[in-house]
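Below: the structure, in C-alpha cells.
The values are calculated or read from the model by the stated rules, or taken from the named source; none is laboratory data. The model shown is predicted, which means the values in this text are computed figures rather than measured ones. No Cβ is skipped: glycine too gets one built from the backbone with ideal geometry, and neighbour counts run over all protein chains shown.
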Amino acid sequence: MSSEEKLPGWREIPIAGVPYKPSTEYKTGDWKVYKPVINYEKCTKCMFCHTYCPDGAIKIREDGFPEPDYDFCKGCGICAEECPVKAIEMVKD
Amino acid sequence: MSEIRTLKDLAQKPDLLMSGHRLCAGCAAGIIARLALKATRGPTIVTNATGCLEVATTIFPYSSWKVPWIHNAFENAAATASGIEAAFRAMKRINKGPLAKYEHVDVMVFAGDGGTYDIGFQSLSGAFERGHDFLYILYDNEAYMNTGIQRSGSTPRCAWTTTSPAGTVIPGKREWKKPIARIAAEHEIPYVATASPAYPMDLVKKVRKGLEVEGPAFVHVLSPCTRGWRYPPEKTIKIAKLAVETCFFPLWEAEFKNGEIVYTLSAPSERIARKPELKKPIEEYLKLQGRFSHLFRPKRREDLINEIQQWVDREWKLILKRCGKL
C-alpha cells in the first residue's frame with residue numbers, strides 16, 4: 001500500500017472488517033536478501049520448487065519450466081535446497 | 001482423486017492461497033495450506049482458527065484466500081465448521097438458500113496446535129462426537145508461534161520456548177508431546193491421518209481422502225517453524241523429512257471400519273518399518289534446531305538425548321503395534 005493512498009474510514013469499511021483486496025497487491029518481494037536463479041539447462045521440470053514454495057512464488061511457464069516471481073519471493077531458499085539437480089542458485093538481490 | 005497423480009498434475013491445479021501473504025520466509029504453514037487447497041473438489045468453505053496462518057494471510061484490507069473464508073477464535077474452529085455443515089444440510093433439505101444448488105461442500109478447518117491441542121479441543125471433540133462432515137487440518141508448529149513462541153500441549157520435551165526456557169534448573173519443556181492424532185482416532189471418526197509437507201503427494205492424497213469420507217476427518221500435519229525452532233529458513237523441508245525418518249513423527253492413517261479402528265502406515269514410514277536400519281537416530285533431528293541446542297552445548301546432555309530417543313522408540317513401537325507390524 002502506498003503511503004499516499006487514502007485509507008477508508010470506519011463508515012466505509014465493510015461490516016466486521018472483511019478484507020476487500022487481494023493480497024497479490026501487497027508485494028512481499030522486497031523482504032528477500034537472496035533471490036533464486038534457475039539454470040534452465042539443468043532443470044528437469046520435476047516441480048519440487050513449485051510444490052515446496054510457501055508463497056506460491058514459483059509459477060509454471062507455458063513450456064513447463066518453473067519461473068520465480070520476484071514480486072512475491074521472500075528468498076527463503078527452500079527451492080534451492082530441495083532442487084534434486086541443484087539447478088537453482090541463490091544470488092544476492 | 002484420479003486427476004492428481006504426480007507433482008506435475010498438482011502444479012496444474014490453480015493456487016487457492018495467493019502470494020503476498022505475510023507468513024515468514026520458509027514457513028511450512030504456507031506450503032501446507034497451498035497443498036491442502038489444491039486437493040479440494042469443488043465449492044470449499046474454509047474456517048480458520050486464530051493463529052499464524054490466519055494472522056498472516058488476512059491482514060486488513062488484504063486477503064490471500066481465493067475461497068470463502070471465516071475467521072473465528074481459538075476455541076470454536078470446529079464449532080464454526082459444524083455450523084457451516086449444518087447450514088448446508090438444512091439448505092439442501094428445504095432446497096432453498098445459496099448452498100442448495102451444490103452436490104457437496106468441502107468444509108475445511110485450518111488450526112494451529114494452540115487452537116487444537118489446548119484451547120480448541122472441547123469444540124473439536126464435540127464436533128467429532130456429533131459426526132459433522134468436515135475436515136480438520138492441524139498444522140502443528142509445536143508452540144504458540146504467533147504470539148512469540150510460548151509452550152503448548154504439542155511442544156516436545158526439552159524444547160526451548162519463552163515460557164519453558166532452558167537453563168540450569170529446567171532443560172526446556174518438561175512434559176511430553178500429547179498424541180493428538182491417536183486421541184482423534186479414538187473418537188472413532190471415519191478418517192484420521194498424519195502427514196508432512198516434505199511428502200506432498202502423500203499430504204494431498206490424505207486431505208482429499210479426508211474430504212471424501214462421510215463424517216469428520218482429522219489430518220495432523222507437522223509444520224516446522226523457522227523462527228520458533230531456530231533454524232535457517234531453507235531447512236524447512238529437510239527438517240520435516242527428518243522428523244519422519246527418525247520416527248519422531250511417523251506417517252499413518254486410521255480408518256474406522258466395521259466397528260474397528262484400522263491403522264495403516266503410509267509409504268515413507270512403511271519403508272522404515274520394513275527396513276529398521278533406515279531409522280535415523282533422533283540426534284540428527286535435534287541438532288539442526290536451535291531450540292534443542294542446549295542438549296549439545298556447552299555440554300552434551302547424553303541423558304536427555306537418550307530420554308528423547310526412548311520416547312521416540314516407544315511411540316514408534318506403539319504405532320507399529322497398532323498397524324499390525326509387530
| task | Scan the stretch B:118-142 residue by residue and report those that are within 13 Å of the chain's Cα centre (by Cα) and of a type outside the set (Ser, Thr, Tyr). | result | B:LEU135, B:ILE137, B:LEU138, B:ASP140, B:ASN141, B:GLU142
| said: On the basis of being among the polar types (S, T, N, Q) and part of a loop (DSSP other than H, G, I, E, B), does B:THR226 make the cut? | reply: yes
| message | Cβ contacts < 7 Å: first residue closer than 16 Å to B:THR44 by Cα and free of Cβ contacts under 8 Å to residues at least 12 places away in the same chain, restricted to the stretch B:90-103; second residue among the basic types (Lys, Arg) and surrounded by 13 or more Cβ atoms within 10 Å (Cβ to Cβ), any location; separation 6+ or different chain. Result? | response | B:ALA100/B:LYS92
| query | If a residue has to be under 30 Å from B:TYR191 (Cα atoms) and at pLDDT below 95 to count, how many in the stretch B:279-318 make the cut? | reply | 0
| message | Suppose we filter B:THR80, B:THR47, B:THR40 for residues that are touching a residue at least 60 places away in the same chain (Cβ under 8 Å), closer than 15 Å to B:ILE137 by Cα, more than 9 Å from chain A (Cβ to nearest Cβ) and more than 16 Å from the chain's Cα centre (by Cα); which single one remains? | response | B:THR40
| Taking B:GLU277, is it within 14 Å of chain A (Cβ to nearest Cβ), outside any strand (DSSP E or B), on the phi < 0 side of the Ramachandran plot and over 17 Å from the mean Cα position of the chain (by Cα)? | no
| remark: Checked B:LEU35, B:LEU7 against criteria (within 14 Å of chain A (Cβ to nearest Cβ), in contact with a helix residue (DSSP H, G or I) (Cβ under 8 Å, 6 or more places away or on another chain), at pLDDT 95 or above and over 15 Å from B:TYR136 (Cβ atoms)); the one match is B:LEU35
| Based on what the data block shows, is A:GLU89 of a type outside the set (Gly, Ala, Ser), more than 26 Å from B:PHE60 (Cα to Cα) and either more than 16 Å from the chain's Cα centre (by Cα) or not in a loop (DSSP other than H, G, I, E, B) (or both)? | yes
| Of the residues that make up the stretch B:160-181, is at least one in contact with a helix residue (DSSP H, G or I) (Cβ under 9 Å, 6 or more places away or on another chain) and assigned to a helix (DSSP H, G or I)? | yes
